[in-house]
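What follows is one structure encoded as structure tokens, with my remarks underneath.
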Amino acid sequence: MKNKKGFTLIELMIVGAFAGLLLIVFFVQKANVDAMYRDDNRKTAINAMYYALEEYFYPKYGYYPAEINEKTLPVIDPALFSDPFGMNVGIDGSTYIYEPANCDSNNHCQEYILRANLEKSDTYIKHGNKGN
């Protein structure tokens with residue numbers, strides 16, 4: 001009787017299935033980590049916009065703008081106005097939303113809400129209210 005060395009087809013199939021399962025788990029976890037990273041970037045951008053409005057714009061002008069962009073808030077990196085998918089604040093479909101409120105005819109607003117729609121948790125919200 002000859003002594004055969006090597007693996008059987010069943011053994012190779014089991015190892016292949018196990019490797020496939022590990023790859024699936026890896027890519028699912030990678031997708032979750034990527035989504036959390038994008039959410040952290042969204043929160044950072046909203047915080048930057050919030051502090052620019054509260055510490056730069058409002059003290060300088062005494063009101064909030066009707067829209068925000070790199071011209072109204074030149075103190076922050078213009079890239080922060082684009083969400084992780086490249087959509088700017090105020091564009092339909094953007095995960096960043098700026099909602100001014102209590103505005104007069106000159107578009108001078110006394111309140112606003114900044115929102116970031118997150119993938120892994122609830123909407124991230126910052127409020128500004130100097131009108132009351």
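The values are calculated or read from the model by the stated rules, or taken from the named source; none is laboratory data. Please read all numbers here as calculations on a predicted model, not as lab measurements. Methodologically, a virtual Cβ is constructed for each residue, glycine included, from the backbone with ideal geometry; neighbour enumeration extends over all protein chains shown. Side chains are part of the model used for accessible areas, which takes the heavy atoms of the whole protein and leaves out ligands, DNA and RNA. Shrake-Rupley method; radii C 1.70, N 1.55, O 1.52, S 1.80 Å.
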Counted residues, the stretch 1-29 - those being under 23 Å from the mean Cα position of the chain (by Cα) and open to solvent by less than 90 Å² (accessible area, probe 1.4 Å):
1
Being open to solvent by 50 Å² or more (accessible area, probe 1.4 Å) and within 18 Å of ASP40 (Cβ to Cβ) is the filter here; which residues of the stretch 74-85 pass it?
ASP77, ALA79, PRO84, PHE85
Restricting the stretch 94-112 to residues that are over 15 Å from ASN69 (Cα atoms), assigned to a strand (DSSP E or B) and not small (Gly, Ala, Ser), the residue that is least open to solvent (accessible area, probe 1.4 Å):
CYS109
Selection from the stretch 30-54 of residues among the small types (Gly, Ala, Ser) and exposed (fewer than 12 other Cβ atoms within 10 Å of the Cβ) yields ALA31
Counting only residues in the stretch 15-47 that are small (Gly, Ala, Ser) and without any contact (Cβ under 8 Å) to a residue 12 or more places away in the chain, the one nearest to LYS126 (Cα to Cα) is identified as ALA31
